[in-house]
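The next block holds one structure in the form of structure tokens; read it before the comments.
The values are calculated or read from the model by the stated rules, or taken from the named source; none is laboratory data. A quick note: this is a predicted structure, and the numbers were derived from the prediction, not measured. Neighbour counts run over all protein chains shown; Cβ positions are idealised from the backbone, glycine included.
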Amino acid sequence: MQTRFSFGGDEHIFAEVDDAMSLEAFFKSLFITNAVREAKIKGVTEICPANASYQVKFDPDLIKPDDLLTELKRMDSAAEKSEPVIATRIIEIPVLYNDPWTHETLMRFRERHQDPNGTDLEYAARINHLDGVDSFIEAHSSAPWFVSMVGFVAGLPFLYQMVERQRQLQAPKYLRPRTDTPKLTIGHGGCFSCIYSVRGAGGYQMFGITPMPIYDPNQQISYLRDFMCLFKPGDIVKWKPIDRAAYDAAVADVDAGRFAPIIRDVSFSLTEFNRDVDGYNHKLEGVLHGH
Amino acid sequence: MAIKVLKPGLSTTVQDLGRPGYYNIGIPLSGGMDRHALAAANLLVGNAEGAAVLEAVFMGPELEFTDDAMVAVTGAELPPKLDGAPQVTWSSFKVKRGQKLSFEFLKKGARAYIAVAGGIDVPVVLGSRSTYALGALGGFKGRKLEAGDELPVGAAATSVREGRTVAEALRGLPPGMPTELRVMPGLYWHRITDAAGIGFFADTWKVAPEADRIGYRFKGGKPLEFVPREPPFGAGSDPSNITDACYPYGSIQVPGGTEPIVLHRDAVSGGGYFMVGTVISADMDLIGQLQPNTPVKFVKVDMDTALAARKARAELLTKVRGSLAA
């Protein structure tokens with residue numbers, strides 16, 4: 001991996017760690033952006049990690065573009081030597097897969113889909129060579145996911161599953177984007193899942209919906225009072241499949257202000273993870289449920 | 001004091017100079033698309049340059065004032081009227097309690113900035129009063145204005161006289177047709193062929209109807225040809241796809257290689273389309289004043305030219321400050 005740097009006009013430096021997605025590229029992006037944040041470089045106004053790249057916005061009246069580029073290149077080579085361990089959180093997200101709302105929406109936009117005669121879940125199961133929708137849901141929800149980027153719109157997490165490349169679930173985006181997606185839809189495009197933080201346009205396959213709000217500009221939801229967006233890059237997400245009754249109960253809890261998400265602090269080591277993927281993920285799940 | 005919205009116009013929002021610092025979680029800068037015009041409007045009425053104003057696009061609102069106020073309208077040539085009597089743009093004028101401010105049809109440009117002494121006093125959210133409609137954040141209830149809204153106005157810090165004006169040479173509007181937008185090639189420029197790169201700068205493009213605060217789409221140029229590749233894991237199979245990455249403000253993405261989209265103040269912060277380069281910061285204001293169908297040429301420049309243009313743009317505002325300080 002050799003990071004490729006480019007100026008994005010006179011106010012941005014764009015750095016592509018790798019053109020392909022991998023946990024290694026994501027970790028490097030996360031490391032460097034954390035280091036840049038801690039360095040408190042004068043003139044730097046935005047520090048944005050992404051899946052396998054990152055971007056720094058700056059004020060060229062305060063720092064010369066070439067000086068910042070030199071500094072970032074120096075930090076980039078230093079990051080190679082650091083131990084890939086992060087202090088982060090693991091968050092359980094309940095999901096009603098195959099829910100009526102995304103189902104209604106995917107039927108409404110069926111002519112924009114690769115498979116007009118099925119559902120997004122049926123299509124995704126088939127192209128990933130899985131034995132039906134239940135197997136797909138099992139593959140989607142059994143291993144945890146990294147929040148590898150937050151963005152597109154406010155608070156929307158992109159998620160990358162913590163499994164080897166050959167086990168990654170992949171699906172193309174819709175042939176033409178939809179003009180509507182229900183809020184809190186669990187979507188998937190390429191190798192990334194996402195949670196739509198607001199209702200709106202979208203092109204990802206739709207698999208289900210969570211009752212758990214992740215963005216609240218009014219900051220009324222108890223766990224979003226400190227900050228309106230739940231997710232940060234580096235968070236770990238574990239989907240918990242739920243049924244309709246549990247979904248309705250969770251929505252009622254959210255409305256009554258008593259919904260309490262399960263969020264635990266955890267340390268993650270990429271080296272140890274790579275040594276035993278399933279074993280490590282099992283341990284992470286133990287942290288979530290306190291055993 | 002307050003302003004009653006009788007008619008909202010097409011899409012009128014509260015904007016200031018924006019909300020930096022949250023792009024990493026998908027909350028864009030927002031703020032006036034034409035920052036120079038926004039700052040000038042504030043200076044005309046004696047406000048701080050970054051006070052909140054109304055940004056009206058293509059069509060003005062109709063407003064009633066509950067108290068006396070000093071007002072200025074800058075940016076697009078959207079001539080204001082007070083109880084039907086014509087007023088001059090880029091100039092401060094008095095509004096009396098109970099008077100109605102309305103607008104003629106748009107003559108030139110796209111976005112007008114309506115500043116009121118004291119500033120629009122909506123709550124500050126994450127450091128700014130700007131509206132980010134996609135995230136229902138900031139501004140007036142997180143959305144564009146609707147009839148019946150009542151906008152609070154702050155207390156004016158200083159009192160200025162009416163008839164203060166900004167000279168035409170200091171208004172910084174797009175100079176002529178076709179409008180030239182200066183671009184630094186880069187980002188994923190290497191994805192297109194040399195011939196496509198030459199064509200991109202040689203062709204005349206036109207502003208498409210899909211042009212808003214998120215981005216401006218352009219059409220009419222030749223489709224871009226891609227350098228063949230084996231798609232990297234995670235990028236997607238279309239030659240214009242990349243592994244989802246950050247989008248710089250002003251970056252030019254070309255989904256499918258056909259219609260370039262320049263991201264603006266309410267940019268989506270990232271996504272999976274390659275970008276050929278970035279419009280320089282000095283020319284971002286100009287985009288906010290382009291109407292659909294306006295012919296545009298992208299002009300290739302380097303960093304030195306971009307920085308010189310940025311300096312010249314800043315000097316324009318220094319001159320506005322100087323001319324109004326007297």
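Among residues of the stretch B:255-281 being assigned to a helix (DSSP H, G or I) and more than 10 Å from every other protein chain (Cβ to nearest Cβ), the one that is surrounded by the fewest Cβ atoms within 10 Å (Cβ to Cβ) is B:Gly256. Within the span defined as the stretch B:219-238, every residue fails to be within 29 Å of the chain's Cα centre (by Cα), within 30 Å of B:Trp90 (Cα to Cα) and not β-branched (Val, Ile, Thr).
When the residues of the stretch A:95-132 are filtered to those that are without any contact (Cβ under 8 Å) to a residue 60 or more places away in the chain and of a type in the set (A, V, I, L, M), the one that is surrounded by the fewest Cβ atoms within 10 Å (Cβ to Cβ) is A:Met107.
If you go through the stretch B:282-311 and pick out every residue that is in a strand (DSSP E or B) and within 14 Å of chain A (Cβ to nearest Cβ), you end up with 3.
When residues in the stretch B:6-28 are screened for being closer than 19 Å to B:Val122 by Cβ and among the aliphatic types (A, V, I, L, M), 4 of them pass.
Taking the criterion of being β-branched (Val, Ile, Thr) and under 18 Å from the mean Cα position of the chain (by Cα), the residues of the stretch A:189-231 that qualify are A:Ile195, A:Val198, A:Ile209, A:Thr210, A:Ile214. Residue check: is B:Gly31 under 18 Å from B:Pro123 (Cα atoms) and either at pLDDT 95 or above or assigned by TED's automatic domain parsing to the domain that holds B:Val125 (or both)? Against the criterion (under 18 Å from B:Pro123 (Cα atoms) and either at pLDDT 95 or above or assigned by TED's automatic domain parsing to the domain that holds B:Val125 (or both)), B:Gly31 qualifies. Within the stretch A:84-96, does at least one residue satisfy the condition of being touching a helix residue (DSSP H, G or I) at 6+ places or on another chain (Cβ under 7 Å), closer than 24 Å to A:Met228 by Cβ, at pLDDT 95 or above and not hydrophobic (A, V, I, L, M, F, W, C)? Yes, the stretch A:84-96 has at least one match. Selection of first residues in the stretch B:1-30 that are within 14 Å of B:Thr131 (Cβ to Cβ) and of second residues that are of a type in the set (Gly, Ala, Ser) and in a strand (DSSP E or B), restricted to Cβ pairs under 6 Å at least 6 apart or on distinct chains, gives the following pairs, ordered by first then second residue: B:Gly9/B:Ala56; B:Thr12/B:Ala56; B:Asp16/B:Ser128; B:Gly18/B:Ser128; B:Arg19/B:Ser128. Could you please let me know if B:Ser159 is small (Gly, Ala, Ser) and within 14 Å of another protein chain (Cβ to nearest Cβ)? No. Here is a list: A:Ile32, A:Ile41, A:Ile13. Which entry is closer than 27 Å to B:Ala309 by Cα, more than 10 Å from chain B (Cβ to nearest Cβ) and either in contact (Cβ under 8 Å) with a residue 40 or more places away in the chain or assigned to a loop (DSSP other than H, G, I, E, B) (or both)? Selected residue: A:Ile41, the only one of A:Ile32, A:Ile41, A:Ile13 that is closer than 27 Å to B:Ala309 by Cα, more than 10 Å from chain B (Cβ to nearest Cβ) and either in contact (Cβ under 8 Å) with a residue 40 or more places away in the chain or assigned to a loop (DSSP other than H, G, I, E, B) (or both).
Could you check, for the stretch A:60-82, whether at least one of its residues is more than 14 Å from chain B (Cβ to nearest Cβ), in a loop (DSSP other than H, G, I, E, B) and farther than 30 Å from A:Leu284 by Cα? No - not one qualifying residue is present in the stretch A:60-82.
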